[in-house]
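Read through the structure below, which is laid out as structure tokens, and then see the notes.
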Amino acid sequence: MTLVQLRHLIALADQASFSKAALAAHVSQPALSRSIRALEDELSLPLVDRIGRRVELTVHGRDALERARQIVFDADELRARGQRIKAHGAGTLRIGMGSGPGAMLMTALLQKVCADHGRLRLEITRSGTELLVQSLRAKALDGLVVDARSLKPAPDLRAEFVHEMRGAFMVRRGHPLARRRGTLGFDALRAHPIASTPLSDEVARLLVERYGPQAHPQSCVTLRCDELSSLIELARTTDAVLLAVRAAAPDLAELKLAPPLDATARFGLVTLARRTESPALDLVRRLMQQRLHD
């Protein structure tokens, strides 16, 4: 049994066709057929059923496929570990960032790599959590910095959560709401455009509990954008009310509501379980500890 045979089995399972699998594996169709047949002979088990032009795995094939994926994954990671050790810190760090962490970390990380890590190539991807997780699973990213409340727990994800940061409704200094004395009711906010990044279901539930159905993001948020930095600039130059992590925009004025918001974001580093980490992720961890706090 060889890694090549296991890769051929994975390709066949993914493509459900000998011709397509051969194309994906960069071998001829007869060579792929011989490889699968040799694997079946060695295991003394039928792995595939040929149904016309389609191929379906047998029950033994499905079990073998699960084990093959893990073996190939481990082999690839072992090879990658050796390459990273050989590189001595050089290479590429590909990090994905959600909107909130990106607003507070991205520039600092770029500056740090520029100043101290001339041999390291840095690639930052900004997107929603779901798309970032897809890229992580495809090994297009080495790690993610996201809000845990938007992350669906899964056995293949390893999450290190660093700090909870307080959320707030904020406006520019001189805003009509900032000039009002005392606490505000939620109705006062709705007299102005409310802006935020996409919010998790947990935050939506908290808003409804605090201020009633009118505070559900689908009802009250009229300006939604994945880029928090753009929303912060919007709040600085207009009468929009921004709902975001307080520390992301310290120059804005925080509105005092009754009852108080008492909402937090929980930022952390997410990597793929069992995958060999890039040594450069320690740089990201240090920056998170330094900057992701109120």
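Here are the numbers for the structure shown:
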quantity: Answer from Ala159, Ala168 - the residue that is closer than 24 Å to Ile232 by Cα and assigned to a strand (DSSP E or B); calculated: Ala168
quantity: Some residue of the range 30-52 being touching a residue at least 24 places away in the same chain (Cβ under 8 Å), among the polar types (S, T, N, Q) and surrounded by 12 or more Cβ atoms within 10 Å (Cβ to Cβ); calculated: yes
quantity: Entirely in the range 1-60, the helices (runs of 4 or more DSSP H) that have 2 or more residues that are farther than 18 Å from Val72 by Cα; calculated: 18-25, 29-43
quantity: Yes/no for Ala244 being at pLDDT below 90, buried (at least 21 other Cβ atoms within 10 Å of the Cβ), outside any loop (DSSP other than H, G, I, E, B) and not polar (S, T, N, Q); calculated: no
quantity: From the options Lys112, Lys152, residue that is among the basic types (Lys, Arg), surrounded by fewer than 21 Cβ atoms within 10 Å (Cβ to Cβ), at pLDDT 85 or above and part of a helix (DSSP H, G or I); calculated: Lys112
quantity: Enumeration of residues in the range 254-288 that are under 24 Å from Phe186 (Cβ atoms) and not charged (D, E, K, R); calculated: Leu255, Leu257, Ala258, Pro259, Pro260, Leu261, Ala263, Thr264, Ala265
quantity: Among (1) buried (at least 17 other Cβ atoms within 10 Å of the Cβ); (2) more than 24 Å from the chain's Cα centre (by Cα), the one test that Met288 misses; calculated: (2)
quantity: Residue match in the range 53-73 (condition: closer than 30 Å to Phe267 by Cβ, surrounded by 12 or more Cβ atoms within 10 Å (Cβ to Cβ), outside the structural domain of Leu199 (by TED's automatic domain parsing) and not basic (Lys, Arg)); calculated: yes
quantity: Residue within the range 275-294 that is in a loop (DSSP other than H, G, I, E, B), among the charged types (D, E, K, R) and touching a Lys or Arg at 6+ places or on another chain (Cβ under 7 Å) present; calculated: yes
quantity: Test: Asp142 is more than 24 Å from Glu233 (Cα to Cα) and either surrounded by 21 or more Cβ atoms within 10 Å (Cβ to Cβ) or hydroxyl-bearing (Ser, Thr, Tyr) (or both); calculated: yes
quantity: Cβ pairs under 7 Å, 6+ apart, first in the range 249-271 and closer than 29 Å to Pro153 by Cβ, second in a loop (DSSP other than H, G, I, E, B) and not polar (S, T, N, Q); calculated: Phe267/Leu292; Val270/Leu151; Thr271/Glu277
quantity: Those residues of the range 259-274 which are among the small types (Gly, Ala, Ser) and not in a strand (DSSP E or B), in sequence order; calculated: Ala263, Ala273
quantity: Options Ala273, Ala247: the member that is in contact with an Asp or Glu (Cβ under 8 Å, 6 or more places away or on another chain) and not assigned by TED's automatic domain parsing to the domain that holds Ala195; calculated: Ala273
quantity: Long-range neighbours under 7 Å by Cβ, at least six apart or interchain, first residue crowded, with 16+ Cβ neighbours inside 10 Å within the range 5-26, second assigned to a helix (DSSP H, G or I) and among the polar types (S, T, N, Q); calculated: Gln5/Ser35; His8/Ser35; Phe18/Gln29; Phe18/Ser33; Ala21/Gln15; Ala22/Gln29; Ala24/Gln15
quantity: Exclusive hit being closer than 25 Å to Gln218 by Cα and either charged (D, E, K, R) or in contact with a Pro (Cβ under 8 Å, 6 or more places away or on another chain) (or both), set Val146, Val171, Val133; calculated: Val146
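The values are calculated or read from the model by the stated rules, or taken from the named source; none is laboratory data. Treat the numbers as computed from the prediction; the structure is a model and nothing was measured. All Cβ positions, even for glycine, are placed from backbone atoms using ideal geometry, and neighbour counts span all protein chains on display.
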